[in-house]
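J.: What follows is a single structure, and I will ask about it in a moment.
The values are calculated or read from the model by the stated rules, or taken from the named source; none is laboratory data. These numbers were taken from a predicted model, which means no experiment stands behind them. Glycine also receives a Cβ, built like all others from the backbone with ideal geometry; neighbour counts cover every protein chain displayed.
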Amino acid sequence: MRIVVRAIIKNDDSLLVIKRIKNGETYFVFPGGGVDDGESHPIALERECKEELGLDVLVLEFMYDFDFIKKGNEPQKEYFYQCDISGGKLGSGDGEEYSPDNNNGLYEPMWIKLEKLSDLDLRPIEIKNKLIEL
């Protein structure tokens with residue numbers, strides 16, 4: 001089973017997400033990625049946020065988990081943590097997302113207003129709905 005950690009980063013009335021355009025489809029995801037062998041969830045999330053966003057984060061608390069089956073029948077479990085930004089510059093990440101050779105679609109980190117959440121294709125929808133209920 002693949003283990004993934006995701007960051008829920010809020011700033012006043014906004015949420016930090018990554019806009020994805022892949023295979024002609026536009027949607028939004030929470031920053032994060034896979035946990036390497038022997039890596040703790042907080043360390044993995046700090047690494048992923050630096051790579052994907054260019055930001056240093058403080059992992060504050062566990063919020064949700066979510067199980068699903070990826071394409072190809074690979075089980076995946078995602079853990080969502082509330083995080084705060086402690087440094088860095090948004091959009092300056094050095095992960096594969098920023099490589100000119102990236103063949104995995106467009107990644108664009110951005111702030112969205114919480115009041116607009118219901119209008120967006122933010123995935124997974126189950127976590128989006130939990131945030132709307134808060």
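J.: Among the numbered criteria (1) part of a loop (DSSP other than H, G, I, E, B); (2) modelled with pLDDT of 95 or more, which one does Phe62 miss?
T.: (1)
J.: Does Val5 satisfy the criteria of being touching an Asp or Glu at 6+ places or on another chain (Cβ under 8 Å), assigned to a strand (DSSP E or B) and modelled with pLDDT of 95 or more?
T.: On the way: touching an Asp or Glu at 6+ places or on another chain (Cβ under 8 Å): yes; assigned to a strand (DSSP E or B): yes; modelled with pLDDT of 95 or more: yes.
The answer is yes for Val5.
J.: Take the residues of segment 71-99 that are outside any loop (DSSP other than H, G, I, E, B) and more than 19 Å from Pro42 (Cα to Cα): which is modelled with the lowest pLDDT? Break it down into steps so the answer makes sense when it comes.
T.: Of the residues in segment 71-99, the ones outside any loop (DSSP other than H, G, I, E, B) are 74-88, 96-98.
Applying the additional criterion that residues be more than 19 Å from Pro42 (Cα to Cα) yields 74-75, 96-98.
Working: Glu74: 88, Pro75: 93, Glu96: 68, Glu97: 62, Tyr98: 59.
For segment 71-99, the residue satisfying everything is Tyr98.
J.: Report every pair of residues separated by at least 6 positions or lying on different chains whose Cβ atoms are under 6 Å apart, first residue within segment 12-39 and in contact (Cβ under 8 Å) with a residue 12 or more places away in the chain and on the phi > 0 side of the Ramachandran plot, second basic (Lys, Arg) and in a strand (DSSP E or B).
T.: Hits for this filter: Gly32/Arg6.
J.: Ok, one more. Residues of segment 14-59 being touching a strand residue (DSSP E or B) at 6+ places or on another chain (Cβ under 6 Å) and in a loop (DSSP other than H, G, I, E, B), which ones?
T.: Phe30, Pro31, Val35, Gly54
J.: May I ask you to list the residues in segment 1-32 that are under 11 Å from the mean Cα position of the chain (by Cα), over 16 Å from Leu106 (Cα atoms) and small (Gly, Ala, Ser)?
T.: The answer is Ala7, and nothing else.
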